[in-house]
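Please treat every number below as a calculation from the coordinates, not as lab data. Here the structure is a predicted model, which is why all the values come from computation and not from measurement. Heads up, the Cβs are rebuilt from the backbone with ideal geometry, glycines too, and the neighbour counts pull from every protein chain shown.
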There are 2 protein chains.
Amino acid sequence: MMEVVSENRSFGGRQIVAKHNSTACNTEMTFAVYLPPQAEDGEVPVLWYLSGLTCTHENAMTKGGFQEHCARHGIAIVFPDTSPRGEGVANDEAYDLGQGAGFYVNATCDPWRPHFQMYQYITEELYDLVEKEFPINDRHGITGHSMGGHGALTIAMRNPDRYQSLSAFAPIANPTNSDWGRKQLSAYLGDDETNWSAHDATLLLEQHGWQGDILIDQGASDQFLDLLKPEALSAAMARRRQAGSFRMQAGYDHSYYFVSTFAGDHVAWHAERLS
Amino acid sequence: MMEVVSENRSFGGRQIVAKHNSTACNTEMTFAVYLPPQAEDGEVPVLWYLSGLTCTHENAMTKGGFQEHCARHGIAIVFPDTSPRGEGVANDEAYDLGQGAGFYVNATCDPWRPHFQMYQYITEELYDLVEKEFPINDRHGITGHSMGGHGALTIAMRNPDRYQSLSAFAPIANPTNSDWGRKQLSAYLGDDETNWSAHDATLLLEQHGWQGDILIDQGASDQFLDLLKPEALSAAMARRRQAGSFRMQAGYDHSYYFVSTFAGDHVAWHAERLS
């Protein structure tokens, strides 16, 4: 059962925060949905926004500025949490492992296995819940920032039947080859690296590509360029002749000032492909 | 001396946070300035945004969504703090008195008098500092939310030579007649109520009015309507035939979802009058 935690009028629509008992994650999960004014009159397409390390459902909801653009284009947006949380859920002292750092995988190793099933949670459980509870049609787009950009790219390429449009903001582009990735994939999936490649956007792109075109924005002054490895993904896109735009944005860093600046472009991108 | 704390590229411009030793408040003060792209080529007008109870310079900077609109219209925006802070600065356990609740007055009573000089800080010290340090011309507008709406209205009406445009979001409209006002004005200014009227927007409007037109937005579902008393201000505007728009927005509450929804209208309002 879903319970509404809060609702605020925003740009003529409804910014809703809700919680539910997740079967996949075996704990209570909180998420946010913005419904544009057009949802009062019928079903609308939906954009999934996956957040980065340390974030909850709240950061992009309050700082991303997505609502204005979603209201203009008539599409909903969902902000899931980035991991299971709460009593009995494993954690780590580091900011980049455990709670707030689910990496959008299904953990197979203890202590993470009992709750850290974020891949299944996003692609199945919350997907179905959102379709059931809100006036959403079957057109889904997906995007995300940093760890969430990694999530968006890997989830979309592995589920081309469930998502019809794809973009990312400063994604962790090649986690099997980065300290943002090797540590977490090892902890969640074990040391056999052959199990990691299904969660690496660059490797997935080389193997499968994406059915449509992809929009990537990356700040040229991002303080985490060494960990994100955009060059791996951009090279893979070029080698595969993958349709899309990889934009290096001069002067921008990794913050929500970067995300909010280009939020309008991404919402328009998805709206055009989902409507 | 001013010191830059951080700078982030945002919508082609620069979101700057800075601190300085304030003479008026006798402590270090932090504030934020957003410079639109047009400020690279010359001086631009500036909009002052005064925040509400419990806020710092940061809340509206991160959640208001003003940067996009300021970039489009080519005006800067300043987000001051709402009170002095730090070691040796008096405080109160209540959220609505002391730090985070300066009410934009010059305190004459102890323990507040030594630091709580927010009226002078905003209208003189920070005003001059911003003109000196940034590419700002002499066209200033002022707005604010809740306690900051009170600040904007009272400061503008008392300084018509320093501000050329005026608006407010859900202002505390009649503080001499509200629990959001009587407690604070008594603490900061003493029990002689004749000293309070210079800090009450409704009373100032009745006595002086405003030289231009005023834009007020108020959420009809605001949870603090009983404390804000919009009816006092709207009646005073009508009685005085004050030029302006008082808009009651159906469904909106007191949150930043309300502020961000109408931020674009307010920036456009000021830009039109300042350019």
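Values for this structure:
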| quantity | calculated |
| --- | --- |
| Diffusion coefficient, µm² s⁻¹, Stokes-Einstein with Kirkwood Rh over alpha-carbon pairs of chain B at 4 °C and 1.567 mPa s | 71 µm²/s |
| Neighbour net charge for B:GLU28 - beta-carbon separation under 9 angstrom, K R +1, D E -1 | +2 |
| Loop-exposed GluC sites (Glu not before Pro) per DSSP, neighbour cap 15 Cβ within 10 angstrom, longest uninterrupted part of chain B | B:94-275 |
| Pseudo-label separations to other copies for B:ASN91 - Cα-to-Cβ vector, 7 Å, nm | 2.4 |
| Partner aspartates and glutamates for B:LYS19 [C-alpha distance under 20 Å; skip if fewer than 8 residues away on the same chain] | B:GLU3, B:GLU7, B:GLU28, B:GLU58, B:ASP81, B:GLU87, B:GLU124, B:GLU125, B:ASP128, B:GLU131, B:GLU133 |
| Cα→Cβ-extended label distance, 7 Å offset, between A:ASP213 and A:ARG162, nm | 2.6 nm |
| Average other protein chain Cβ within 10 Å of Cβ, residues B:6-13 | 6 |
| Most mobile of A:GLY98, A:GLY209, A:GLY251 in a GNM of chain A (Cα contacts under 10 Å) | A:GLY251 |
| Copies compared at B:THR54 - label distances in nm, ascending, label defined 7 Å from Cα in the Cβ direction | 2.2 |
| Neighbour-count ranking [beta-carbon atoms within 10 angstrom, fewest first] of B:THR56, B:THR23 | B:THR23, B:THR56 |
| Sorted by Cβ density within 10 Å, fewest first, the residues B:VAL4, B:VAL17, A:VAL105 | B:VAL4, B:VAL17, A:VAL105 |
| Sorted by Cβ neighbour density within 10 Å, fewest at the top, the residues A:THR27, A:THR143, A:THR108, B:THR202 | A:THR108, A:THR27, B:THR202, A:THR143 |
| Position A:GLU40, label points 7 Å along Cα→Cβ, spacing to each other copy in nm (shortest first, one decimal) | 4.1 |
| Under 10 Å, Cβ to Cβ, from B:HIS208 - net charge with Lys/Arg +1 and Asp/Glu -1 | +1 |
| Chain B: relative contact order as a whole-number percent, Cα under 8 Å and 6+ apart | 18 percent |
| Whether the protein assembly as shown is rounded, prolate or oblate, judged on the alpha carbon gyration tensor where a/c under 1.5 counts as rounded | prolate |
| Cut-off 12 Å between beta-carbons: net charge of the residues surrounding A:THR123, Lys and Arg +1, Asp and Glu -1 | -2 |
| Average projected area [Cα convex hull, the range A:202-275], square nanometres | 5.2 nm² |
| In range of the label at A:ASN137: residues from the range A:7-37 whose backbone nitrogen is under 18 Å from the point 7 Å along Cα→Cβ | A:35-37 |
| Per the axis that maps chain B onto chain A, nearest residue of B (Cβ criterion) and its distance in Å | B:GLY65, 2 |
| Among A:HIS69, A:HIS140, A:HIS150: highest mean-square fluctuation, GNM of chain A, C-alpha pairs under 10 Å | A:HIS69 |
| Inter-centroid distance (Cα atoms) of the range B:85-135 relative to the range A:18-55, Å | 41 Å |
| DSSP-assigned coil residues among chymotrypsin sites (Phe, Trp or Tyr not before Pro) in the range B:1-97, each with at most 15 further Cβ atoms within 10 Å | B:TYR95 |
| Square roots of 5 times each gyration tensor eigenvalue, C-alpha, the range A:138-275, largest first, Å | 22, 19, 13 |
| Links that overshoot a 19 Å alpha carbon limit, given the list B:LYS63/B:LYS132; A:LYS63/A:LYS132; A:LYS183/A:LYS229 | B:LYS63/B:LYS132; A:LYS63/A:LYS132 |
| The range B:2-274: antiparallel DSSP beta bridges as a percent of all, rounded to 5 | 50 percent |
| Residue mean of other protein chain beta carbons inside 10 Å, A:219-225 | 1 |
| Descending semi-axes in Å of the range B:77-169, equivalent ellipsoid built from Cα gyration tensor | 24, 15, 11 |
| Prolate/oblate/rounded label for the range B:12-61 (Cα gyration tensor, a/c 1.5) | prolate |
